[in-house]
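Novice: Submitted below is the structure of interest, expressed as structure tokens.
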Amino acid sequence: MEYRKLGSSDLKLSAITYGAFAIGGTMWGGNEEKDSIESVQASIEHGVTTLDTAPFYGFGLSEEMVGKAIKGYDRTKIQLLTKFGLVWDGSNKGKGDFFFDAEKDGVSVPVYKYAAKENVIKEVEESLRRLKTDYIDLLQIHWPDSTTPIAETMEALDLLIQQGKIRAAGVSNYDVEQVTEAREKLNIASDQVGYSMLNRGIEKELIPFAQNHDLGIIAYSPMERGLLTGKYFEGSSLKRNDHRNDYFQQFDLPQIKTFLDTIVPIANEKKITLSQLVLRWTTLQPGITVVLAGARNAGQAIANAKAMDINLTPEELRFINQELSKLKL
């Protein structure tokens with residue numbers, strides 16, 4: 001495994017970082033606790049020391065399972081990344097930006113983006129309890145909240161750093177303008193943003209900014225929620241309450257299948273999976289610090305970790321990029 005410094009912070013994260021969205025179950029067709037915990041532990045055993053979660057993932061369940069999974073491990077050798085700012089329990093009392101309606105225990109609940117100072121403090125205490133730890137390595141706002149001044153949110157994060165409850169602060173889904181405003185108040189370490197072979201928009205402005213300003217980039221959805229594994233094109237079925245039934249429809253699926261067919265010979269020659277090839281390509285892109293990879297069981301977790309063992313030659317990278325340039329996205 002390779003470990004990379006996160007922006008201007010003193011954190012060193014594993015290049016493949018465990019993404020814990022799916023093990024929360026919500027929006028992913030449920031989960032199996034035993035498999036989920038084993039997937040976290042298998043990741044750690046294979047060098048993936050960084051775990052990224054959020055309160056919204058499973059309405060607290062993902063954080064609880066991460067907390068259970070790391071029990072018995074040396075906490076100082078694990079980096080816990082979590083978030084705040086998505087509120088579903090009504091504690092925001094209607095404040096914040098309405099985001100969407102989510103299904104919780106068979107009931108529709110409204111989710112708000114809310115990053116007021118008192119909410120940040122409240123959520124951190126809840127996350128510490130669920131994770132069964134006394135500090136968080138990196139705390140990130142989950143989505144921008146237009147109703148709360150960025151300065152107020154940064155003030156809360158600064159206070160938490162001073163209190164020793166978090167080691168570093170980051171943002172998620174911020175554009176360059178928002179990052180710049182945040183950095184006027186606090187030297188945030190990173191921006192967590194969506195990035196994949198099919199979603200390269202950040203290469204235009206955010207990546208150059210990050211490279212010039214020592215800002216870490218944490219890439220999420222590198223597999224486009226499983227689409228780039230190729231399994232969806234092999235008759236893999238999704239459960240009714242799996243959000244990917246709708247998510248995948250935004251893509252030109254025949255075009256993507258054609259692209260995957262052109263690069264799968266590289267994976268076959270190296271005796272690796274298409275998923276591992278895609279993950280490794282993502283970790284090698286300029287400006288990308290670490291890449292989030294989810295896993296529902298130990299086998300998937302180990303495969304993700306081993307993606308870092310793959311060597312891609314300059315010629316192979318050029319071929320993949322050439323084929324990507326043909327896509328009309």
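The values are calculated or read from the model by the stated rules, or taken from the named source; none is laboratory data. Predicted model only: the values in this text are computed from it and were never measured. Here the Cβ positions follow ideal geometry from the backbone for every residue, glycine too, while neighbour counts run over all protein chains shown. Ligands, DNA and RNA are excluded from the accessible area calculation, which covers all protein heavy atoms including side chains. Shrake-Rupley method; radii C 1.70, N 1.55, O 1.52, S 1.80 Å.
Novice: State the answer as a single residue: which of Ala303, Ile218, Met154 lies farthest towards the positive end of the charge dipole of the chain, with beta carbon charges of +1 for Lys and Arg and -1 for Asp and Glu, about the Cα centre.
Specialist: Ala303
Novice: Still on this structure, I have one more. Could you pull the Cα extents of region 1-157 along its three principal axes, largest to smallest, in whole Å?
Specialist: So the extents along the principal axes, rounded to whole Å, are 43, 39, 23.
Novice: If I model a spin label at Asn199 and Leu312 as a point 7 Å from the Cα along the Cα→Cβ vector, what separation in nanometres do I get?
Specialist: Placing both labels 7 Å along Cα→Cβ, they lie 1.8 nm apart.
Novice: Under a point spin-label approximation (7 Å from Cα along Cα-to-Cβ), what is the Asp101-Thr262 distance to one decimal in nm?
Specialist: According to this spin-label approximation, the distance is 4.2 nm.
Novice: Still on this model: If we restrict to alpha carbons, what Rg and Dmax does region 124-201 come to, in Å?
Specialist: According to the Cα coordinates of region 124-201, Rg and Dmax are 13.4, 40 Å.
Novice: Mind putting a number on the dipole of the chain about its Cα centre? Charges go on the C-beta only, +1 for Lys and Arg and -1 for Asp and Glu, and I need it in Debye to the nearest 20. Each step should come with its number before you reach the end.
Specialist: Working: 38 positive and 45 negative charges, 109 e Å.
Dipole about the Cα centre, nearest 20: 520 debye.
Novice: Also: Taking only Cα atoms, what is the 0 to 90° angle, nearest 10, from helix 33-45's long axis to the longest principal axis of the chain?
Specialist: 80 degrees
Novice: Leaving out ligands and nucleic acids, note down the accessible area per residue over the chain with a 1.4 angstrom probe, in whole Å². Mind showing how you got there, number by number?
Specialist: Numbers: 14360 Å² over 329 residues.
So the chain comes to 44 Å² accessible per residue, rounded to a whole number.
Novice: What translational diffusion coefficient, to the nearest whole µm²/s, does region 92-231 have by Stokes-Einstein, given a Kirkwood radius computed over alpha-carbon pairs, a temperature of 25 °C and 0.890 mPa s viscosity? Mind showing how you got there, number by number?
Specialist: Details: Rh = 16.4 Å.
Stokes-Einstein gives a translational diffusion coefficient of 149 µm²/s.
Novice: A further question on this structure: State the extension gain, in nm to one decimal, for the chain segment bounded by Glu32 and Glu155, taking 0.36 nm per residue of separation less the distance between their alpha-carbons. Numbers along the way, then the final one.
Specialist: Numbers: separation 123, 0.36 × 123 = 44.28 nm, distance 3.83 nm.
Answer, rounded to one decimal: 40.4 nm.
Novice: With the Cα gyration tensor of region 105-163 giving a ≥ b ≥ c as the square roots of its eigenvalues, does the rule (a/c under 1.5 for rounded; else a/b larger than b/c for prolate; else oblate) give rounded, prolate or oblate? Don't skip to the answer; put the middle values down first.
Specialist: Working: a/c = 2.55, a/b = 1.14, b/c = 2.24.
Judged from the Cα gyration tensor, region 105-163 comes out oblate (a/c at least 1.5, b/c at or above a/b).
Novice: Next up: Among DSSP bridges having both ends in region 159-235, what percentage is antiparallel? Round to the nearest 5.
Specialist: On the way: 1 of 9 bridges.
About 10 percent, rounded to the nearest 5.
Novice: Follow-up. Within region 73-96, find all residues whose amide N lies under 12 Å from a label point positioned 7 Å from the Cα of Lys122 along Cα-to-beta-carbon.
Specialist: Once the point is set 7 Å along Cα→Cβ of Lys122, 85-96 turn out to lie under 12 Å by backbone N, inside region 73-96.
Novice: Can you list the residues, at least 5 places off or on another chain, whose amide H is less than 5 Å from the amide H of Gln192, using H built in the peptide plane?
Specialist: Val171, Ser172, Asn173, Tyr174, Ile218
Novice: Next question, about the same structure. Is it possible to state the helix-based mean residue ellipticity at 222 nm for the chain, with each DSSP H run of 4+ residues giving -39500 (n - 2.57), the sum divided by total residues, to the nearest 500 deg cm²/dmol? What is it? Walk me through the numbers on the way to the answer.
Specialist: On the way: 11 runs with 118 residues, N = 329.
The per-residue figure over the chain is -11000 deg cm²/dmol.
Novice: Calculate, axis by axis, the spread of Cα positions in region 166-234 along the three principal axes, and write the results as whole Å, longest axis first.
Specialist: Taking the Cα atoms of region 166-234, the three principal extents are 49, 29, 16 Å.
Novice: Tell me, what are the semi-axes, in whole angstrom and largest first, of the equivalent ellipsoid of region 190-329 as set by the roots of 5 times the Cα gyration tensor eigenvalues?
Specialist: Details: eigenvalues 102, 67, 56 Å².
They are 23, 18, 17 Å, listed largest first.
Novice: Under the 0.36 nm per residue contour assumption, what length would be gained going from the current alpha-carbon distance of Tyr73 and Gln249 to full extension?
Specialist: My answer for the length gained is 59.3 nm.
Novice: State to the nearest 20 debye the size of the charge dipole of region 1-112 about its Cα centre, where the only charges are +1 on K and R beta carbons and -1 on D and E beta carbons.
Specialist: Numbers: 12 positive and 16 negative charges, 97 e Å.
My answer is approximately 460 debye.
Novice: Could you tell me which trypsin sites (Lys or Arg not before Pro) in region 43-131 are loop residues by DSSP with no more than 12 other beta carbons within 10 angstrom of their beta carbon? All intermediate terms of the calculation are to be shown ahead of the outcome.
Specialist: Values: sites: Lys68, Lys71, Arg75, Lys77, Lys83, Lys93, Lys95, Lys104, Lys113, Lys117, Lys122, Arg129, Arg130; in loops: Lys71, Lys93, Lys95.
When the trypsin sites (Lys or Arg not before Pro) of region 43-131 are filtered for loop state and at most 12 Cβ neighbours within 10 Å, Lys71, Lys93 remain.
Novice: Computed over the Cα atoms, what is the radius of gyration of the chain divided by 2.2 N^0.38 Å, N being its residue count?
Specialist: Scaled against compact globular proteins, the figure is 0.96.
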